[in-house]
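The values are calculated or read from the model by the stated rules, or taken from the named source; none is laboratory data. These numbers come from a predicted model, not from an experiment. Note that we place each Cβ from the backbone using ideal geometry, even for glycine, and neighbour counts take in every protein chain shown.
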Amino acid sequence: AIEIDRSLQPVLEDLTAEHPNLRLLFSDVLEVDIEAALRRAFGLAGPIDYRVCANIPYNITSPIIFKLLEQCPGMKSATLMMQKEVGERLLAKPGSKDYGRLTITAAYFARVETVMAVSRNCFYPRPDVDSIVVRLVPNPERIGVEREDVLHDFIRAAFQKRRKTVLNISVDFFGRDKEETGRIIESLGLSPKLRPENLSLPDFARLVDALLS
């Protein structure tokens, strides 16, 4: 268990007496190498597999999700409670206002499913927002793309300029001729006038591969 708040240490250490398989690490989860910490805590070597279950801090939800998806290859699933609005972004469909980089990155790495809604009335003191429990299950096979690093960089750049057209974003990112870029986009059955929120993950992958060729 990773916890940053040391004021909880006495309570959590009482739990270790009841559950001898529980290990505590008081640290910032964003600074921890999770898999290395697991190996040290349980004396493990080589590849490991594990499941994550957490009520994650709402102010750093996206960085935690990116960390789990990108840096934890042994993770079999992550069941996370988060602010409802962030969960809606994870589950958003192309063309919706909630659809963005978080949606596409999560879809690249994992299947995202809703477990349950959690009302703000379930907490004391009562927060100002509702919550949702979401499960991320890593994809056994990811969508094919020539350069994964370029795909993620392009998606990041696209949603930083989400009011621009796909044509202008592509020209800026790849440094290609505008007319030629427009023809490539149209050859994929896409309109150069589309905006990032109109493209699915497969659309982004096909576009990046075509513009790299």
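For segment 32-59, how many residues meet the condition of being under 25 Å from Met116 (Cβ atoms), at pLDDT below 95 and in contact with a helix residue (DSSP H, G or I) (Cβ under 7 Å, 6 or more places away or on another chain)?
1
Which condition number in (1) closer than 24 Å to Ala107 by Cα; (2) in a loop (DSSP other than H, G, I, E, B) is the one that Leu207 fails?
Leu207 satisfies every listed condition except (2).
Look through Ser170, Ser200, Ser187 and report the one residue that is among the hydroxyl-bearing types (Ser, Thr, Tyr) and farther than 21 Å from Ala107 by Cβ.
Ser187 is the lone residue from the list that is among the hydroxyl-bearing types (Ser, Thr, Tyr) and farther than 21 Å from Ala107 by Cβ.
Looking at segment 127-144, which of its residues are out of contact with any Phe, Trp or Tyr (no Cβ under 9 Å at 6 or more places or on another chain), without any contact (Cβ under 8 Å) to a residue 60 or more places away in the chain and surrounded by 14 or more Cβ atoms within 10 Å (Cβ to Cβ)?
Asp130, Ile132, Val133, Val134, Arg135, listed by residue number.
Restricting to segment 169-190, name every residue that is surrounded by 16 or more Cβ atoms within 10 Å (Cβ to Cβ) and either among the hydrophobic types (A, V, I, L, M, F, W, C) or out of contact with any Pro (no Cβ under 6 Å at 6 or more places or on another chain) (or both).
Matches in segment 169-190: Ile169, Ser170, Val171, Phe173, Phe174, Thr181, Ile184, Ile185, Leu190.
Give me a count of the residues in segment 17-34 that are in a loop (DSSP other than H, G, I, E, B), over 23 Å from Val137 (Cβ atoms), among the hydrophobic types (A, V, I, L, M, F, W, C) and in contact with a strand residue (DSSP E or B) (Cβ under 8 Å, 6 or more places away or on another chain).
1
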